[in-house]
Each structure stands twice: as C-alpha cells, then as structure tokens.
Amino acid sequence: MKETILFYHLDLETKEHIKEIASQLDIEVREIFDNQIYETMCYLLHLDGYESSPEAKITDKIDQTFLFFAFMSDEQLDLLLEIFKVKEIPYIPYKAMLTENNIVYPFYQLYRNVEKEYKEISG
C-alpha cells in the first residue's frame, strides 16, 4: 500500500504546503469532504473490497482540522511531522495513524475518539 495522508478542513495554504511536501516524498494525499464523514476509513483509503456506507445523519459539529496517516511506519511518520515543523505547517492537534482497529471506523467516529483523547490530554 502506498503511504497516504487524508485530511479534513485544511485551509488552502496549509493544504497546498502539505500536498507539495507529500509530492516530494511520493505520498498520496486525499481530502475528506463534509459529505463523506460517515464513510469508513477503509473506504476513504480506497481499499479493495470496501463499499460506500449508507449515508448517516450526523448532527454533531465536526469542524476541526484533521490529519490521518496510513501505511507509514512510526519512523516515517515522525520524519514527516518533523518536516511539517521545519516547513512551518501549523500545528494540527487532531490526527491519527491507521491501525487494525480504526480502519473500519466511520470518519466521524474516529474524529470523536481523537477529539475526546485530545481534550483529556490537554485538560
């Protein structure tokens, strides 16, 4: 599988900077749109055998910037985040890495889990 970054709600400038960095590193980049927040991560990653989920009515506000990293080792992710820092990509607190558990989560569920963890850690 090719290293991939999925992003949600990035401002245009940050989006372009991340796409430029990813292009130089041969990392695929895809945007998650508001009408896709009920889709599973495996579907959003275009993995074989996974179909679109039935549209769900999401009433919670999902408005924070979010990054999702897939098919990267811990070392690759650490290096990528260091490059983001050097290139002055604004800090994005809501982020996750692909795991065997979260691959089947709908995006909004993963977002809520990360949001909860971030709020617990940051107080």
Report summary line: Candidates Ala96, Ala56, Ala70; GNM for the chain (alpha-carbon contacts under 10 Å) flags as most fluctuating Ala56
Report task. Go through segment 98-115 residue by residue and turn each phi into a ³J(HN,Hα) via Karplus (6.51, -1.76, 1.60, θ = phi - 60°); whole Hz please, and just put x for glycine and proline. Result -> 4, 10, 5, 7, 7, 4, 9, 6, x, 3, 4, 5, 4, 4, 4, 4, 5, 4
Query raised in the report: Over the Cα atoms of the chain, how large are the radius of gyration and the largest Cα-Cα distance (Dmax), in Å?
Result: 14.1, 41
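For the chain, give the percent of accessible area contributed by carbon and sulfur heavy atoms, probe 1.4 Å, rounded to a whole number.
Working: 3680 of 7700 Å².
Carbon and sulfur: 48 percent of the exposed surface of the chain.
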Requested in this report: Could you state the accessible area per residue of the chain in Å², with a 1.4 Å probe and every protein chain left in place?
Outcome: 63 Å²
Report task. Springs between alpha-carbon atoms under 10 Å, Gaussian network over the chain: tell me which of Lys87, Lys61, Lys19 tops the mean-square fluctuations. Result -> Lys61
Query raised in the report: Quick one: how many Å² of Val114 are accessible to a 1.4 Å probe, rounded to 10?
Result: 10 Å²
Report task. Residues in segment 15-31, backbone N under 20 Å from the label point at Gln64 (7 Å along the Cα-to-beta-carbon vector): list them, ranges by number please. Result -> 15, 31
Report summary line: For the pair Asp74 and Phe33, the simple spin-label estimate (label points 7 Å beyond Cα toward Cβ) gives in nm 3.7 nm
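The values are calculated or read from the model by the stated rules, or taken from the named source; none is laboratory data. These numbers were taken from a predicted model, which means no experiment stands behind them. Heads up, the Cβs are rebuilt from the backbone with ideal geometry, glycines too, and the neighbour counts pull from every protein chain shown. Surface accessibility is based on the protein's heavy atoms, side chains included, excluding ligands, DNA and RNA. Shrake-Rupley method; radii C 1.70, N 1.55, O 1.52, S 1.80 Å.
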